[in-house]
Amino acid sequence: MDWNFLPIFPHSASNFAPQVDSLYAYLVLVSAFFSILIAILIVTFAIKFRRKSETEIPAPVDEHSTGGMILEITWSVIPLLLSLVMFGWGAIIFFDESKPPSDAMEIWVTGKQWMWKVQHLEGTREINELHVPVNRNIRLTLTSEDVIHDFYVPAFRTKTDVVPGRYTTEWFRPTKVGQYHLFCAEYCGTKHSGMVGTIYVMDPAEYDAWLTSGTNVGSMAQKGEALFQQLGCATCHTSDGKGRCPNLAGVWGTKVELRGGSAALVDASYVRESIVNPLAKIVNGYDPIMPTFQGLVTEDQIQQLIEYVRSIGPKQPGPPPAIAKPGETPAKLTPVLGQPQK
Ligand code: CUA
């Protein structure tokens, strides 16, 4: 149900908005009902049972009476059931918001004091703005370069902490074309209140036009591949599998066997850890020889390297992003490589 007719709700522009608003309306109605009921009873009882004369002494309560038992059980069980509905309903929405659908479009977001940086797989970048097509499932992978931020879009009813050193995800399906506020919802320093932006929800055709306009210098995977060469990764991670470090082709999404017998899933967090803290997990059969790249690559570049590893992985379900296929050399490599990217 769309509760926008009530002026207390912000714009309702995602799949989650009606769900969250309905639950919120239930909370408000239950609270209002009991607040009013209790207020009426207080006033009524105060008048009805008031002391009517100076000498009046109330009748003693009958110690052996059990008449109060039914009343006590009633006023315990009904609120219990009402609050269990709040819990169950809230949990359903929470789990829905925590599980991005597999066909979701991937977008990378990095927070830093005090701005939001966005990378689309196709290579387009933006700052304090996020363009998305309407009626498509969108999954954001978020991280921070410094302190904890929080990516909050009231019109979508979604809010996720953005934590340095790890990836969090947020997903939504925008349902209405328009412009919506983006806020940082975690106090992150002097200009926290200025860490705001705009979400543009566009028609798919307009979105495609927007994506291909501007000076795009290659997809994220292509930039990642160029970095992979330039940083010297390719000298050890050779593609013939005979290098001193594991061949990365085809490993994305698989489980690799580690020293000591455990296994690890190759996903974004694993690749990131392998870049900044390579000794944390050593693939079985290899030596712990890789130096750390902490401080040598930015979060944006790590994301590009991750997209490169994903692009040479096995075929993934979902819509294929515009990235280089295995064995395919990008037509043109970006000329700005090596310079720190903003
Ligand atoms: Cu970033 Cu508050």
Total residues in the range 188-200, condition within 8 Å of the ligand (Cβ to nearest atom) and under 16 Å from residue 110 (Cα atoms): 3
Residue 240 of a type in the set (Asp, Glu), within 26 Å of the chain's Cα centre (by Cα) and on the phi < 0 side of the Ramachandran plot: no
Any hit, the range 254-271, residues being in contact with a strand residue (DSSP E or B) (Cβ under 6 Å, 6 or more places away or on another chain), in a strand (DSSP E or B) and among the charged types (D, E, K, R): yes
Filtered residue count, the range 110-138, keeping only those that are over 19 Å from residue 13 (Cα atoms), more than 16 Å from the ligand (Cβ to nearest atom) and charged (D, E, K, R): 3
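Residue-wise test of (1) free of Cβ contacts under 8 Å to residues at least 60 places away in the same chain; (2) charged (D, E, K, R); (3) away from the ligand (no atom under 16 Å from the Cβ).
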site	(1), (2), (3)
50	yes, yes, yes
57	yes, no, yes
68	yes, no, yes
86	no, no, yes
90	no, no, yes
93	no, no, yes
101	no, no, yes
104	no, no, yes
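Please go through the range 168-187 and give me each residue that is within 16 Å of the ligand (Cβ to nearest atom) and crowded, with 19+ Cβ neighbours inside 10 Å, ordered by number.
170, 182, 184, 186
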Positions within the range 139-164 being away from the ligand (no atom under 16 Å from the Cβ) and either over 23 Å from residue 9 (Cα atoms) or not assigned by TED's automatic domain parsing to the domain that holds residue 108 (or both), in sequence order: 139, 141
Which listed residue, of 248, 279, 296, is within 25 Å of residue 105 (Cβ to Cβ) and modelled with pLDDT of 70 or more: 248
Count of residues meeting criterion [part of a loop (DSSP other than H, G, I, E, B) and either farther than 22 Å from residue 232 by Cβ or basic (Lys, Arg) (or both)] in the range 272-301: 2
Failed criterion for residue 164 (all others in (1) touching a Ser or Thr at 6+ places or on another chain (Cβ under 6 Å); (2) crowded, with 20+ Cβ neighbours inside 10 Å hold): (2)
Residue match in the range 216-233 (condition: of a type in the set (Val, Ile, Thr), within 19 Å of residue 123 (Cα to Cα) and assigned to a loop (DSSP other than H, G, I, E, B)): yes
Unmet criterion (only one of (1) more than 24 Å from residue 18 (Cα to Cα); (2) in contact (Cβ under 8 Å) with a residue 12 or more places away in the chain) for residue 130: (1)
Residue count for the range 99-131, restricted to those that are surrounded by 21 or more Cβ atoms within 10 Å (Cβ to Cβ), touching a helix residue (DSSP H, G or I) at 6+ places or on another chain (Cβ under 7 Å) and in a strand (DSSP E or B): 4
Qualifying positions in the range 160-180 - in contact with a helix residue (DSSP H, G or I) (Cβ under 6 Å, 6 or more places away or on another chain) and not hydroxyl-bearing (Ser, Thr, Tyr): 172
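Scan the range 165-193 for residues that are in a strand (DSSP E or B) and farther than 18 Å from residue 14 by Cα and report the count. If you could, list the steps in order and put the result at the bottom.
To start, the set of residues in the range 165-193 that are in a strand (DSSP E or B) comprises 168-172, 174, 178-184.
If we keep only those that are farther than 18 Å from residue 14 by Cα too, we end up with 168, 184.
Within the range 165-193, residues that are in a strand (DSSP E or B) and farther than 18 Å from residue 14 by Cα number 2.
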Scan of the range 280-307 for residues that are under 17 Å from residue 247 (Cβ atoms) and among the hydroxyl-bearing types (Ser, Thr, Tyr), ordered by number: 286
Residue within the range 250-265 that is buried (at least 17 other Cβ atoms within 10 Å of the Cβ), without any contact (Cβ under 8 Å) to a residue 12 or more places away in the chain and out of contact with any helix residue (DSSP H, G or I) (no Cβ under 9 Å at 6 or more places or on another chain) present: no
Filter result for the condition that a residue is part of a helix (DSSP H, G or I) and assigned by TED's automatic domain parsing to the domain that holds residue 140, over 207, 200: 207
Matching residues, the range 11-33, being in a helix (DSSP H, G or I) and touching a residue at least 40 places away in the same chain (Cβ under 8 Å): 16, 17, 19, 20, 21, 23, 26, 27, 30
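The values are calculated or read from the model by the stated rules, or taken from the named source; none is laboratory data. Being a predicted model, the structure only gives us computed values, none of them experimental. Note: ideal-geometry Cβ built from the backbone for every residue, glycine included; neighbour counts use all protein chains shown.
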